[in-house]
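Here the structure is laid out as structure tokens; the discussion comes afterwards.
The values are calculated or read from the model by the stated rules, or taken from the named source; none is laboratory data. On a predicted model such as this, the values are computed, not experimentally measured, just so you know. Neighbour counts are summed over all protein chains in view; Cβ atoms, including those assigned to glycine, are modelled from backbone coordinates with ideal geometry. When the accessible area is computed, the model is the full protein with side chains, heavy atoms only, and any ligands, DNA or RNA have been set aside. Shrake-Rupley method; radii C 1.70, N 1.55, O 1.52, S 1.80 Å.
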Amino acid sequence: MAEPGEIVRSGATAGGGRELSVRVPGDKSITQRALVLGALAEGESRIGGALRGADPLATGRALAALGVQITGLEGSADDDLRIRGRGLRGWRQPNAVLDLGNSGTGARLLAGALAPQPLDAVLAGDKSLSARPMERIAAPLRRMGAGIEYPELPGRLPMRIGGAPLTPLRHESAVSSAQVKGAVLLAGVGAEVAVEVSEPRRSRDHSERMLESMGVEVVERAVAGRWSVRVPAPPPRLAPLDMRVPGDFSSAAFLLVWAALAGGRDALTVRAVGLNGTRTGLLSVLARMGVAVEVVPRETAGGEPVGDLRVDALAGPPQAVEVGGDEIPAMIDEVPVLAVLAARAEGVTRIAGARELRVKESDRLAALAVTLRRIGVAVEELPDGLEIEGTRDRLSGVAECFRDHRIAMAFGVLGATPGCDVRVDDPGTSDVSFPGFWKLLASLRRRSETARGGRAAAANSGSAPEGDGAAPGRGCLVVAIDGSAGSGKSTTAAAVAARLGFRHLDSGAIYRAVTLGLLEVRPGDAAPHRVTPAELAALAIDLKWLGGRAEVWALGDRIRDEDLRSERVTALVSRVSAIPAVRACLLDLQRSAAAGPGLVAEGRDMGSVVFPKAEVKVYLDADPRERARRRILQRGTRSPGPAEIETEAARLGRRDERDSSRSVAPMRRAEDAVVIDTTGLDPAEQIDRIVRLARDARRASR
């Protein structure tokens, strides 16, 4: 049998194209539940087709630390998992913290399963998981009698769980969450007490289906406009599982959208995919957008319906839709790939009711909004969704995935379609749920483009498995913002870049890095005024981009912002930045920042020297006393008096005179720059003015 992520077979279609058939890895949600429930069963459970992604591996290792014997966890997808369960309350005391990595499902399900165990355990995770809310799980478990504490931050991992005899519970959940529901059900089953969970809308029901297959009575019904799931009388033991995990619908969704946008005459079939109705809400949305997906039912496995999904390439652009309400719970993990499809749709797509996406592996709504803007798509971020204006323009840039596998794969799909030059900053993130994704996508694209007679896929891959994906995009629009000290350049430039989805270059941070580096390598020279090109090269000043944000590196290490802004650096940076060798050394580094859809560069010679051909040039100025007041406030002083303001204004005047008269790159306004006096201007208004200038320039270039 072919491995998931490989093309299973190809053949001819009636229209002269090819029929490509693929498999995707096992369902992540089902694999996670099979691991935990198998560990609570009595006897050996056999699980075929389980996902070997990072999340299930983390959950499996945590269970092993609790005394559960699992074989085949590190094997291939075709190897069965064998789980020797220890019964409902037979787990042993772990010797260390249970590290779940980035597995939110694993952490929350284990919290419920641990609550009735006669032991104490601490659940922990990586930085991303530690930022996700846990109190929605802890609160109902605490009401049942479990002892739950947060050793560090309230409501965040790490979380200590002290198992105890539990009492029955009826829990009204404020959100439709399969993880909240699953945790309460597992706690009730483990403690052999009745539990009921009511949620606003029906969430995915994998836990319920598995429990029923293991001998547990589960009652589900609609009550007063909500969905209720009840376990009235849990049995004293769970029968072991014997099942095959179907292909993950969420993984299949990326391939369906790619096939719809790829063009050509090829059809794509994704085989043996789970078709649980609480997971397939995307299909009806795709149909409304003009993407017809044929569903071919095959069998039932482990209580889960399984079938094949077949899609043809679209003849024209997809149509915009409105999505929300009852649709969202059944497609919550597919919103990222829906968003990239909407970016190519005709019209404005509105997604609402998806606030839950703010507490996933990343804030997915914010991540989608900022990244779509960076590559050239107009997006409005809503409190619970997005409004995305589709475009047929060429999209280009580097997509920051925010360590989120679904964000990474969504923009990988977009980058692998015609008219896009989009690369992902961290492709390896996809291994959480879809090992082999990039290899499969590259193979599919290569076949598709060969069939169309186009160039090879590797020449312009959306995100190739090799390399760091940071190659500059074409058509970068540069906004150069210059101005005197205290005129508001830094805060304005950062806000403009965020609004436009562009990179932000703080040239001052680079000169501060040089100053700090010289102070480190010349500890006895308190006032460096000369430096050789060789000495500058040895400092290894560099920029490493995280989406639109730049990290400044020197001497092989990332420099902290507080070190760049230290008093000793501030005292010398103006003098160092006037050294001709320093200006010359940093010129190419600053120009290299112009990549992706756009760059907002701020400093004192951006429009005149560094980017003389910038499409938008702005010069900010303000009354000297207002500039002085702002500078004093930046240093943390409240309500400076007149004398203090006059002293600071004189200091700034001397600096302006020195910077304007220096021989190399003197501070001056570019002749074609738009002058904005910020003295009495509201910050939001000056940001709006520059954003409008940039958007006008982008429209003119098209």
Is there any pair linking a residue in the range 149-163 that is small (Gly, Ala, Ser) to one that is in a strand (DSSP E or B), with Cβ under 9 Å and at least six apart or on different chains, and which?
-> Gly162/Asp120; Gly162/Ala121; Gly162/Gly147; Gly162/Ile148; Gly162/Glu149; Gly163/Asp120; Gly163/Ala121; Gly163/Gly147
Going through (1) within 21 Å of the chain's Cα centre (by Cα); (2) at pLDDT 80 or above one by one, Arg446 fails only at (1)
When the range 356-389 is examined, which residues are found to be under 17 Å from Gly501 (Cβ atoms), open to solvent by 10 Å² or more (accessible area, probe 1.4 Å) and either part of a helix (DSSP H, G or I) or touching a Leu at 6+ places or on another chain (Cβ under 9 Å) (or both)?
-> Asp363, Ala366, Val370, Arg373, Arg374, Gly376, Ala378, Val379, Glu380, Glu381, Leu382
Filtering the range 430-440 down to residues that are on the phi < 0 side of the Ramachandran plot and either in contact with a Phe, Trp or Tyr (Cβ under 7 Å, 6 or more places away or on another chain) or open to solvent by 10 Å² or more (accessible area, probe 1.4 Å) (or both) yields Ser430, Asp431, Val432, Pro435, Trp438, Lys439
Please state which of the following conditions Arg92 fails to meet, knowing it meets all the rest: (1) open to solvent by 30 Å² or more (accessible area, probe 1.4 Å); (2) in a loop (DSSP other than H, G, I, E, B); (3) farther than 27 Å from Gly53 by Cα.
-> (3)
Would you check which residues across the range 51-87 are among the aliphatic types (A, V, I, L, M) and surrounded by fewer than 16 Cβ atoms within 10 Å (Cβ to Cβ) and list them?
-> Ala64
Hits in the range 560-602 - residues which are over 26 Å from Leu620 (Cβ atoms) and either open to solvent by less than 20 Å² (accessible area, probe 1.4 Å) or assigned to a loop (DSSP other than H, G, I, E, B) (or both) = Arg560
Output the number of the condition that Leu505 fails; it satisfies all remaining conditions of (1) open to solvent by 40 Å² or more (accessible area, probe 1.4 Å); (2) not in a helix (DSSP H, G or I).
-> (1)
Report those strands (runs of 3 or more DSSP E) wholly inside the range 179-292 carrying at least 3 residues which are closer than 30 Å to Arg445 by Cα.
-> 267-274
Can you tell me which residue in the range 35-59 is farthest from Ala77 (Cα to Cα), limited to those that are in a loop (DSSP other than H, G, I, E, B) and in contact with a Leu (Cβ under 8 Å, 6 or more places away or on another chain)?
-> Ala41
Among the listed residues Val413, Val398, Val422, which satisfies the condition of being modelled with pLDDT under 90, aliphatic (A, V, I, L, M), crowded, with 23+ Cβ neighbours inside 10 Å and not in a loop (DSSP other than H, G, I, E, B)?
-> Val398
Qualifying positions in the range 515-559 - modelled with pLDDT of 85 or more, crowded, with 16+ Cβ neighbours inside 10 Å and either among the β-branched types (Val, Ile, Thr) or in contact with a Gly (Cβ under 8 Å, 6 or more places away or on another chain) (or both) | Thr515, Leu539, Ile541, Val552, Ala554, Ile559
Return yes or no: is Leu123 touching a strand residue (DSSP E or B) at 6+ places or on another chain (Cβ under 7 Å), open to solvent by less than 30 Å² (accessible area, probe 1.4 Å) and in a strand (DSSP E or B)?
-> yes
Would it be correct to say that Ser176 is open to solvent by less than 40 Å² (accessible area, probe 1.4 Å), part of a loop (DSSP other than H, G, I, E, B) and in contact with an Asp or Glu (Cβ under 9 Å, 6 or more places away or on another chain)?
-> yes
Using the structure shown, decide if Asp482 is of a type outside the set (A, V, I, L, M), modelled with pLDDT of 90 or more, open to solvent by less than 10 Å² (accessible area, probe 1.4 Å) and closer than 26 Å to Ala554 by Cβ.
-> yes
Show the residue pairs that are 6+ apart or on different chains and have beta-carbon atoms under 6 Å apart, the first residue being within the range 318-347 and more than 28 Å from Gly263 (Cβ to Cβ) and in contact (Cβ under 8 Å) with a residue 12 or more places away in the chain, the second being surrounded by 20 or more Cβ atoms within 10 Å (Cβ to Cβ) and of a type in the set (A, V, I, L, M).
-> Ile328/Ala354
Residue, modelled with the highest pLDDT, within the range 670-702, restricted to residues that are buried (at least 17 other Cβ atoms within 10 Å of the Cβ) and part of a loop (DSSP other than H, G, I, E, B) = Ala673
Across the range 275-288, what is the number of residues that are open to solvent by less than 10 Å² (accessible area, probe 1.4 Å) and more than 25 Å from the chain's Cα centre (by Cα)?
-> 1
Does the range 29-50 include one or more residues that are open to solvent by less than 30 Å² (accessible area, probe 1.4 Å), under 26 Å from Arg446 (Cα atoms) and at pLDDT 70 or above?
-> no
Counting only residues that are open to solvent by 10 Å² or more (accessible area, probe 1.4 Å) and of a type in the set (A, V, I, L, M, F, W, C), which one in the range 259-274 is nearest to the chain's Cα centre (by Cα)?
-> Leu261
Can you tell me which residue among Arg350, Arg344 is in a strand (DSSP E or B) and either surrounded by 24 or more Cβ atoms within 10 Å (Cβ to Cβ) or at pLDDT 90 or above (or both)?
-> Arg350
Identify the residue in the range 604-635 that is small (Gly, Ala, Ser) and under 12 Å from Val479 (Cβ atoms) and, among all such residues, is farthest from the chain's Cα centre (by Cα).
-> Gly607
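Okay, residues lined up against (1) among the small types (Gly, Ala, Ser); (2) free of Cβ contacts under 8 Å to residues at least 60 places away in the same chain:
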| position | (1), (2) |
| --- | --- |
| Gly385 | yes, no |
| Arg392 | no, no |
| Glu400 | no, no |
| Arg403 | no, no |
| Ile407 | no, no |
| Ala410 | yes, no |
| Gly415 | yes, yes |
| Pro418 | no, no |
| Val424 | no, yes |
Kindly provide the set of residues from the range 145-163 that are aliphatic (A, V, I, L, M) and open to solvent by less than 30 Å² (accessible area, probe 1.4 Å), ordered by number.
-> Ala146, Ile148, Leu157, Met159, Ile161
